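Working notes for the structure below.
The values are calculated or read from the model by the stated rules, or taken from the named source; none is laboratory data. The model shown is predicted, which means the values in this text are computed figures rather than measured ones. We place every Cβ from the backbone using ideal geometry, glycine too, and count neighbours over all the protein chains shown. Just so you know, the surface numbers come from the protein's heavy atoms only, side chains and all, with ligands and any DNA or RNA stripped out. Shrake-Rupley method; radii C 1.70, N 1.55, O 1.52, S 1.80 Å.
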Amino acid sequence: MGARLQPLALRLLALTVPLVAKGFSDETLEKAAKSEGYCSRILRAQGTRREGYNEFSLRVEGDPEFYKPGNSYRVTLSAATPAYFRGFTLIALKEGKEGDKEEDHAGTFQIIDEEETQFMSNCPVAVTESTPRRRTRIQVFWTAPPTGTGCVILKASIVQKRIIYFQDEGSLTKKICEQDSASEGVTDKPILDCCACGTAKYRLTFYGNWSEKTHPKDFPRRTNHWSAIIGSSHSKNYILWEYGGYASEGVKQVAELGSPVKMEEEIRQQSDEVLTVIKAKAQWPAWQPLNVRAAPSAEFSVDRHRHLMSFLTMLGPSPDWNVGLSAEDLCTKDCGWVQKVVQDLIPWDAGTDSGVTYESPNKPTVPQEKIRPLTSLDHPQSPFYDPEGGSIKLVARVVIERIARKGEQCNIVPDNIDDIVADLAPEEKEEDDTPETCIYSNWSPWSACSSSTCEKGKRMRQRMLKAQLDLSVPCPDTQDFQPCMGPGCSDEDGSTCMMSDWITWSPCSVSCGMGTRSRERYVKQFPEDGSMCKVPTEETEKCVVNEECSPSSCLVTEWGEWDECSASCGTGMKRRHRMIKMTPADGSMCKAETTEAEKCMMPECHTIPCLLSPWSEWSDCSVTCGKGMRTRQRMLKSAAELGDCNEELEQAEKCMLPECPIDCELTEWSQWSECNTSCGKGHMIRTRMIKIEPQFGGTACPETVQRTKCRVRKCLRGPGMEKRRWKEAREKRRSEQAKKNIDSEQYPVCRLKPWTAWTECSTLCGGGIQERYMMANILACTGFQSILHGTVQEWKSC
């Protein structure tokens, strides 16, 4: 590839002198001539500004008046329809500086699209077009300069045909100043002291909106989920996480692993600053209709000291992406409690992993970066990438609604919701604190109490840990204990009698119609003070057997106990049975049912997802040149006994490396030719042909012709020999002439034409023959032995 085209802005700025007629002053040109730096030439090539001229505009994302040192901002240069521009330059100067020196420039630009923009070769701090063509918009990033720089002027020039527009004010110039140190900080809004009275109780409800329908790019179909929600209501002296801050170890484990264990530990260590720990279950898969699965929720309380709430949940799988709220203030400036908060959420990056896709391999960010919102221009491989730089589609919504208040309230503005209660019910306890990376069996039934008397004892239940998907996340105990007392004893009835279990019910008192049945228990141990037991030892209830008691009715037994449910989780069926005691007296068929079935509900089924590790990096190509294959693998993280996993664990794709060298290929050598001399020393040759020419750096072709010496009979030398040879030649000529005379006398009418030229060799390589012909005028020449069909032929080797 050749060098890149010289930017149009650069080439047209070189035409400064001819542009005087276009509105450039002599003074401007004189200054430009005196300047040695090309950057300053750009600044001084100013065109006359037109009134009301607003075809082009320079904009900083968010239209900020102030910049934070070190932060990055997207800068857009655009043309209003139907205008366009071919070239441009973009610079950033410290206020009041001319740009003659390198230190006059402020901050640094970052190229987003190399096909559109590049740094100017003669002025590296400026950005210009890569190729001159029609365009309506370009974008670059600008990183703000360090603290103490002051105000910065962003300037743009526009090249349209051969006219340059450059403005010192207006739509192509943007002034942005450094944020005052007093207003700096990681939180955008200052947290004020709360003046509200009493306490308030809230319910947090989380509505996930991340699905394949809303976010189709690279959506992880099998493993998508939201991790368990973890957070707290807290004071301003404790911050769980915040934009511009660094993630704690607890935040990191939520962000990368989806584990809330460490985060909860950190929260509980701040017990004086925390009022309620907020917890809600994980969601597998990430989205389901609300009529199928209720949105997860949790309740928490706030007071004057701990009036903020924060939470987070991981969007999984992902490198370290989360959503949540940070230090949401539920106290109003009117000394009341907020009634309702609705927030739409976009994902943020915890700054601990550098992956760019949902299933990127682990790639720790070293050094750790600050927490920041994800943007649509972070990386082309990001599932949220948008080359136009649009906003990221929302992935969740959280609703925080006040459900009760307690104690004396001191609202300046009366609250129109009457939700004051005498006492706040305790927050709903999360039934299962199990991390999603720990897979257990169901709990066993409770064991018998360790005490057979009315003294306090314990009972136990167990579960089995079937898989621990992440060894870095601890799994809770597999045993659970509960206080208990012996049979018949209760903390509520104050009795110290020790009773047996109830005996099964007696048969119904009648065989047809309504009757009664009873069951009993007995006293196993009387009170130590000798008093009588007041606990009932017998109970009775009504029963119905064979409702129709006519001669044509069937007499059946009572129903037996229900069988166990056919399902271990979800919806199943259970059955019970009875027997026919007596058929109808009139001999008719018994129509009574002997089996009864009904639906039964077991605990909700929790499908174990097929948990997989991220894909490995692609292997090296299977060949060192040309076309080959490469592979990548991932591992099954969930245990095999949890069910079959049909997801592919290995992928292969074609790969292409530079073409392989092709060596020269030749035919075999031909036979040696005859010696090129009739006597003495000479030479013979042999040849071979090229079958395949060398390509892509292959071995060059060796020689295709070889020569070797040859010797025929020794040539005669000296005067005597020469004389003898001359005599032999003379005699030979006389002999041939005599033969011709005889032939003409024998065949006086035979006339031959001259010899034709020799034909080409009969073979391309190796030994062959050549021919030539002499045509006869009349057929009378057929007496010659060498004549065939009126033609004389002669051959020789070639």
- Query: For the stretch 301-313, does any single residue satisfy the condition of being without any contact (Cβ under 8 Å) to a residue 40 or more places away in the chain and either out of contact with any Leu (no Cβ under 8 Å at 6 or more places or on another chain) or at positive phi (or both)?
  - Reply: no
- Looking at this structure, is T117 in contact with a strand residue (DSSP E or B) (Cβ under 7 Å, 6 or more places away or on another chain), open to solvent by less than 10 Å² (accessible area, probe 1.4 Å) and free of Cβ contacts under 8 Å to residues at least 24 places away in the same chain? yes
- Only one of (1) open to solvent by 20 Å² or more (accessible area, probe 1.4 Å); (2) modelled with pLDDT under 90 does not apply to H305, and that is (2)
- Task: Look through R137, R133 and report the one residue that is farther than 25 Å from S376 by Cα and open to solvent by 70 Å² or more (accessible area, probe 1.4 Å).
- Result: R133
- Could you give me the residue pairs with C-beta distances under 6 Å whose first residue belongs to the stretch 562-581 and is under 22 Å from W443 (Cβ atoms), whose second residue is open to solvent by less than 60 Å² (accessible area, probe 1.4 Å) and assigned to a loop (DSSP other than H, G, I, E, B) wherever it lies, and which are 6+ apart or on separate chains? C569/C605; G570/C605; G572/C565; K574/C565
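Can you tell me which residue within the stretch 218-239, out of those that are closer than 22 Å to A295 by Cβ and part of a loop (DSSP other than H, G, I, E, B), is most open to solvent (accessible area, probe 1.4 Å)?
Within the stretch 218-239, the first condition is being closer than 22 Å to A295 by Cβ, and the residues that meet it are 219-221, 223-233.
Narrowing further to those that are part of a loop (DSSP other than H, G, I, E, B): 219-221, 223-224, 227-228.
Working: F219: 27, P220: 9, R221: 173, T223: 16, N224: 11, S227: 2, A228: 19 Å².
Out of the qualifying residues, it is R221.
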- Query: Considering C569, C549, which residue is touching a Pro at 6+ places or on another chain (Cβ under 6 Å), surrounded by 12 or more Cβ atoms within 10 Å (Cβ to Cβ) and either at pLDDT below 80 or outside any strand (DSSP E or B) (or both)?
  - Reply: C569
- Message: Condition first: open to solvent by 20 Å² or more (accessible area, probe 1.4 Å) and in a strand (DSSP E or B). Now tell me which residues in the stretch 289-298 satisfy that.
- Response: S297
- Item | Inter-residue pairs, beta-carbon under 7 Å, first under 14 Å from T557 (Cα atoms) and at pLDDT 70 or above and in the stretch 507-531, second assigned to a strand (DSSP E or B) and among the acidic types (D, E), 6+ apart | R517/E541
- Query: Looking at S382, is it under 22 Å from P317 (Cβ atoms), assigned to a loop (DSSP other than H, G, I, E, B) and touching a Phe, Trp or Tyr at 6+ places or on another chain (Cβ under 6 Å)?
  - Reply: no
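For (1) over 26 Å from G244 (Cα atoms); (2) under 35 Å from the mean Cα position of the chain (by Cα); (3) basic (K, R); (4) open to solvent by 10 Å² or more (accessible area, probe 1.4 Å), each residue gets a yes or a no:
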| site | (1), (2), (3), (4) |
| --- | --- |
| E264 | no, yes, no, yes |
| L275 | no, no, no, yes |
| I278 | no, yes, no, no |
| P285 | yes, yes, no, yes |
| C335 | yes, no, no, yes |
| V342 | no, yes, no, yes |
- Query: Given the conditions (1) surrounded by 14 or more Cβ atoms within 10 Å (Cβ to Cβ); (2) at pLDDT 90 or above, which single one is not true for E668?
  - Reply: (1)
- Message: I'd like the residue in the stretch 302-333 that is under 31 Å from the mean Cα position of the chain (by Cα) and not in a strand (DSSP E or B) and, out of all such residues, is nearest to S233 (Cα to Cα).
- Response: D320
- Unmet requirement for K97, which otherwise passes all of (1) in contact with a Pro (Cβ under 8 Å, 6 or more places away or on another chain); (2) open to solvent by 10 Å² or more (accessible area, probe 1.4 Å): (1)
- Query: With (1) part of a loop (DSSP other than H, G, I, E, B); (2) at pLDDT 90 or above as the list, and T631 as the residue in question, which single condition is left unmet?
  - Reply: (1)
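Look at N411 and say whether it is at pLDDT below 75, within 20 Å of C195 (Cα to Cα) and assigned to a loop (DSSP other than H, G, I, E, B).
Values: at pLDDT below 75: no; within 20 Å of C195 (Cα to Cα): yes; assigned to a loop (DSSP other than H, G, I, E, B): yes.
So N411 does not fit the description; no.
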- Applying the selection to the stretch 34-70, what residues are open to solvent by 70 Å² or more (accessible area, probe 1.4 Å) and at pLDDT 70 or above? R59, E61, E65, F66
- Task: Sort out for me the strands (runs of 3 or more DSSP E) sitting completely within the stretch 71-187 that have 1 or more residues that are modelled with pLDDT of 85 or more.
- Result: 72-79, 87-94, 108-111, 117-119, 127-129, 137-143, 152-160, 173-178
- Whichever residue in the stretch 364-392 is within 14 Å of W321 (Cβ to Cβ) and charged (D, E, K, R) and, among such residues, is least open to solvent (accessible area, probe 1.4 Å): D378
- Item | Meets criteria (without any contact (Cβ under 8 Å) to a residue 60 or more places away in the chain and over 30 Å from N411 (Cβ atoms)) for D353 | no
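Report the residue count in the stretch 252-280 for those that are part of a loop (DSSP other than H, G, I, E, B) and either more than 29 Å from F219 (Cα to Cα) or touching a strand residue (DSSP E or B) at 6+ places or on another chain (Cβ under 8 Å) (or both).
Let us first name the residues in the stretch 252-280 that are part of a loop (DSSP other than H, G, I, E, B), namely 258-260, 270-273.
After this cut, where a residue has to be either more than 29 Å from F219 (Cα to Cα) or touching a strand residue (DSSP E or B) at 6+ places or on another chain (Cβ under 8 Å) (or both) as well, the list is 258, 260, 270-273.
Looking only at that region, the number is 6.
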- Limited to the stretch 572-588, what total is found for residues that are open to solvent by less than 70 Å² (accessible area, probe 1.4 Å) and part of a loop (DSSP other than H, G, I, E, B)? 4
